[in-house]
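The values are calculated or read from the model by the stated rules, or taken from the named source; none is laboratory data. Bear in mind the structure is a predicted one, so any value in this text is a computation, not a measurement. Every residue, glycine as well, gets a Cβ built from its backbone with ideal geometry; the counts of neighbours run over all protein chains shown. Just the protein is used for accessible areas: all its heavy atoms, side chains included, with ligands, DNA and RNA removed. Shrake-Rupley method; radii C 1.70, N 1.55, O 1.52, S 1.80 Å.
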Amino acid sequence: MADRSRYGPWALIAGGSEGVGAEFAKQLAGDGLDLVLIARKPEPLADTAARCREIGAQVRTVAVDLLDPQAVAHITEETADVEVGLLIYNAGANTCRELFLDADLAAIGRVIDLNVTRMLALVQHFARPMRQRRRGGIILVGSIAGTYGSMQQSAYSGVKAFGRLFAESLWLELRDHNVDVLDLMLGVTRTPAMERAGLNFDVPGLSVSDPADVAREGLANLANGPVFVAGDNAAAVRWGSGADRAAIVLGAHQRVQALIGGST
């Protein structure tokens, strides 16, 4: 349960229209927080907002593509009169699945902008007042993909590794200011986005998480940062963080290719 007096009165969720983001929204609404929901597609954004209003939350929606150079300015303008005590950045995705040398560099740049550049800008904007108020929380939704390199995910693996190390560093900077920081590391999660990507959820031995469970774990462990591994993925993260990088990367390669339908 999220404490409104510590993390409220408003929570801002980037990527708050469906999947894990929508589950964060509904659970926070149930905890009595008001919401700013940000997503690219207006229709699912409106649907999630309606559900949260039914629960009892005030909800503002900002339909904006975070890759728009003016997105952050638009978001900060729309939230200038509310006190955001909880920032959840759930907008990162792998939008380029080409081999690096075959990919358009601009497409690689979009992966970096979505997962790093916009995240940094929003964290800095909303965390500065949290530090001054000496209360608040930040959840950065990460991925176990950041624990090893992967074909067709070269930029994505890199940005997720960056996100975890950034969260750990920010946790150090803010822990004496009573602002909690958590990198919530997800494994494969049955979200609409992953279903649209055509992932194979039936790979033998694959652990698949439910979005509601992931959001619940993240909120329950916000004060236990800097990193929490969601679902049944702790052993995979320990394995992926070992010293024999060649063995780890080659071993992970087979599972990743089975998941995304690539060639081995």
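Overview of results
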item: Selected from HIS253, ALA243, MET185, residue furthest toward positive end of dipole (segment 154-264; charges at beta carbon); result: HIS253
item: Helix axis angle, 42-55 relative to the chain longest principal axis, alpha carbon, degrees; result: 50 degrees
item: Length-normalised contact order for the chain - Cα pairs under 8 Å, 6+ apart - percent; result: 18 percent
item: Charge-dipole axis of segment 10-260 as Lys and Arg at +1 and Asp and Glu at -1 on Cβ define it, positive-most pick from ALA127, LEU12, CYS52; result: ALA127
item: GNM result for the chain, Cα springs below 10 Å: residue of ARG245, ARG134, ARG196 fluctuating most strongly; result: ARG196
item: Accessible surface of ARG6 - all protein chains present, 1.4 Å probe, nearest 10 Å²; result: 70 Å²
item: Accessible-area composition of the chain, carbon plus sulfur, in percent [1.4 Å probe]; result: 51 percent
item: Segment 8-156: translational diffusion in µm²/s, Stokes-Einstein, Kirkwood Rh over Cα pairs, 25 °C, 0.890 mPa s; result: 154 µm²/s
item: Among GLY231, GLY109, GLY146, residue whose mean-square fluctuation peaks in a GNM of the chain (springs only between Cα atoms under 10 Å); result: GLY109
item: Accessible surface, segment 10-260, averaged per residue in Å² (probe 1.4 Å); result: 45 Å²
item: Within the chain: Cβ-based charge dipole about Cα centre, in debye rounded to nearest 20 (Lys, Arg +1; Asp, Glu -1); result: 420 debye
item: Gaussian network model of the chain, springs between alpha carbon atoms under 10 Å - residue of LEU105, LEU12, LEU33 with greatest fluctuation; result: LEU105
item: Between helix 154-174 and the chain: long-axis angle, C-alpha atoms, 0 to 90°, nearest 10; result: 40 degrees
item: Hydrodynamic radius of segment 10-260 per Kirkwood, over alpha carbon pairs, in Å; result: 18.4 Å
item: Kirkwood hydrodynamic radius of segment 141-246, from inverse mean 1/r over distinct Cα pairs, in Å; result: 14.7 Å
